[in-house]
1. Restricting the search to the range B:121-168, which residues are over 34 Å from the mean Cα position of the chain (by Cα), at pLDDT 85 or above and small (Gly, Ala, Ser)?
2. Could you please find all residues in the range B:639-667 being surrounded by fewer than 19 Cβ atoms within 10 Å (Cβ to Cβ) and under 30 Å from residue B:624 (Cα atoms)?
3. Return the residue satisfying two criteria in turn: it lies in the range B:271-292 and is outside any helix (DSSP H, G or I) and crowded, with 16+ Cβ neighbours inside 10 Å, and of such residues it is nearest to the other protein chains (Cβ to nearest Cβ).
4. Take residue B:576 and tell me if it is touching a Phe, Trp or Tyr at 6+ places or on another chain (Cβ under 6 Å) and either over 30 Å from residue B:357 (Cα atoms) or surrounded by fewer than 16 Cβ atoms within 10 Å (Cβ to Cβ) (or both).
5. Out of the residues in the range B:52-85 that are acidic (Asp, Glu) and buried (at least 24 other Cβ atoms within 10 Å of the Cβ), which is farthest from the chain's Cα centre (by Cα)?
6. Across the range B:334-353, what is the number of residues that are surrounded by 21 or more Cβ atoms within 10 Å (Cβ to Cβ), hydrophobic (A, V, I, L, M, F, W, C) and within 14 Å of residue B:540 (Cβ to Cβ)?
7. Are there any helices (runs of 4 or more DSSP H) wholly within the range B:378-496 with 1 or more residues that are more than 14 Å from chain A (Cβ to nearest Cβ), within 27 Å of residue B:507 (Cα to Cα) and under 14 Å from the mean Cα position of the chain (by Cα), and if so which?
Amino acid sequence: MFSSFKPGERGKIVDLSHVSHLVQRRLLDLGITEGSEVCVKCVMPFGGPIMIESCGQCIGIRRKEAVQIEVVKV
Amino acid sequence: MEIALIGNPNTGKTSLFNNLTGSYEYVGNWSGVTVEKKVGIFKKIQGHLIDLPGVYTLNPLSRDEGVVTNFFLHESVNQLLNILDASQLERNLHLTLQLLEFERPVLIGLNMVDVANKRGIQIDAVKLSKSLGVPVVPVIARSGKGCDRLVDAISTKSPEPVNKKLVYYGKEVEAAISALSKEIDGKTEHSHRFLAIQYFEGNEYVKNYFYEIADSEKLNLILVNLESELKKQYASKTLPSFIYLKRKETIVKIMAETAVKSSSVIPLSEKIDRIVTNKFFGIPIFLILMYLMFMLTFDWIGTPLSDALDAILTGPITNLLENVLTAIHASDFIHALIIQGLVAGVGGVLVFVPQIFILFLFISLLEDSGYMARVALVMDRIMESVGLNGKAFIPMIIGFGCNVPGIMAARTIETPRERLLTILLTPLMSCSARLPVYALFVGAFFAGQRALIVLCLYVLGIIVALILAKVFSSTILKSETSLFVIELPPYRLPQFQSLWRSTWDKGKGFIRKAGTFIFAGSVFIWLLSYAGPGGINVDMDRSFLALIGGVIAPVLVPIGFGTWQAAASLITGFLAKESIIATMNIIYFVPNDSSLQGLLANYYSPLAAFSFMVFILLYIPCLATTATIYKETGSKKWTVFSVVYALVIAYVLSLIIYQGGKLFGLV
């Protein structure tokens, strides 16, 4: 789960199907899909968005959507 | 010859456009700078270049992306110039594959090769060209390197037939494509394969297009059959993801042939990000930057420059004009018109040019560096709590320059409800045309804390916008869906030249307006103040202008400035906010040796002055902004609403400030 990730930790996305359709589409547009490797860069306070990095590009997504992404640590 | 520029967001299309056409369009380092198609003429060859908003795919989610799909379906184009970000090649190629399916000649500009190299990515352009079957030209759009070769390729390469089936979508999909092709055969000039695949991907624009030309029930049947077959055969989740994966397979193959990756160093970007998007310092850093901006604009540099300019205008230039007028024996009427009308009105606006340029320089710096997207990220939590998303903050910051491009920038917001809300609230952002009013009043009443008072006003605009967002999103604009996925581009050191150009581009609008709109307005307002029911050259208190202002003035008494002068300048302020200051300069016309600032103290108390500034901040979107709101929302109802709510909120807040202030013994 993303929620247990600390900044700097890397993981691999296993399941995106619980994330809302629109967010899934946008992540796909940005090349992030099941099997992508991601790294948590920073976490905003008060339940704010998190910044993740994948293939050298940084993306901001909301915490509540991030927790629906299933990730395993690598 | 019509050539369209197309590519992912923030890959440098507009930079290249400016380089190739010699025109100057708005560029910045964030996704969604261009929201409308723009046409330019090539510098060196015959033909038009069309700049389109950036898209990840031709299946749109937001309005600016829809502009591109519409362009493809409804307008003709001879050649596509696809710009790829070499450092993000895999993602960029998804769009390229779709473009190739469109079966028009494609030329690829491989941009940001330097960025890719820094990240340890080497791309072989020749091999890439061979695998895709189209010419590939490496360029660096920012510096213009490689642009000549690109122009050569555009003008010399005869359109080659492209390799039609770069992606094989599997026999079921291919069969469905053929079936669909038969249905639309002869009914469209576009590539059947392209339309079919887009339709299968759920492209709404293509669906509507089919609705016009073909039997949509038959087409739908093909789609449904294909979906169920894929489910049976491959247990694939959805048809769009099936298509996506097929494209990806092809891309992986192409990448293996053309790109070499080696390990890279930690980019400076990440180090900066550790600070500016820090858990605790993110928002304070943003506020400090804003404060610095206002200190520079109002205290350190802007005001001294404006004062110097003012001294030149009211001193030597006015004297010179007076001498000329006397020398040519101009009539009293002409003399008064030029000195009291034009010099006071237009000159009164022009003196603020230095401050406005400094403000624009800062906004350009925000856009060019890549910080803009970080602000959106940092602000998202607050924005989410009021029913918006962080991306809505970008139109608002742009709105600090001018509300019109701010409202246009809202196109990048994906959900219609959040977009509408952003459009409605952007006019509350204090645009540069309101700045002269503050500059004048803080100079007269709050000389000690200029920057702080102005920062308060800007922040007040933001806070009111956030509160109203909360109110609107929980009453009239209720909806659950919200989307916030934002690309954070790597930081770039802004180049002096592009910074200056984008500052100038924004600022010249202000100067042009002073020379046209404010010029004409000043003449008109001066005439109204010169003539009255009793004839011409009347005492100003008996002029038409006083008469008109006097009708509204009583309403303004409770909020502290119930004079016809204030009322008259507020009315002209609807036409353009700069005309408030032009009108005031004409009404309170002062001879050379004293200043308008000193005179104002006779008409306003400091409390009334503050109340007046708050009213100016909020009271109404200007004419151009109102027109843009109408164009972007397409609704008379929302346009009227945006005007009415602003008036109400401005009046209520000014009332609270003035009456509340009096209660606490402030004057």
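1. Listed by number, the residues that qualify are B:125, B:129, B:131, B:133.
2. Answer for the range B:639-667, where residues must be surrounded by fewer than 19 Cβ atoms within 10 Å (Cβ to Cβ) and under 30 Å from residue B:624 (Cα atoms): B:640, B:641, B:643, B:644, B:645, B:647, B:648, B:649, B:651, B:652, B:655, B:656.
3. Among residues in the range B:271-292 that are outside any helix (DSSP H, G or I) and crowded, with 16+ Cβ neighbours inside 10 Å, the one nearest to the other protein chains (Cβ to nearest Cβ) is B:277.
4. no
5. B:65
6. Adding up the residues that qualify gives 1.
7. Answer list for the range B:378-496: B:393-401, B:403-409, B:416-425.
Residues are listed down the side, and each one gets a yes or a no for (1) of a type outside the set (A, V, I, L, M, F, W, C); (2) outside the structural domain of residue B:27 (by TED's automatic domain parsing); (3) closer than 30 Å to residue B:362 by Cα; (4) surrounded by fewer than 16 Cβ atoms within 10 Å (Cβ to Cβ):
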site	(1), (2), (3), (4)
B:487	yes, yes, yes, no
B:498	yes, yes, yes, no
B:506	yes, yes, yes, no
B:543	yes, yes, no, no
B:553	no, yes, no, no
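The values are calculated or read from the model by the stated rules, or taken from the named source; none is laboratory data. Keep in mind that this is a model prediction, so the values were computed, not measured. With ideal geometry, Cβ positions are generated from the backbone for all residues, glycine too; neighbour counts draw on all protein chains shown.
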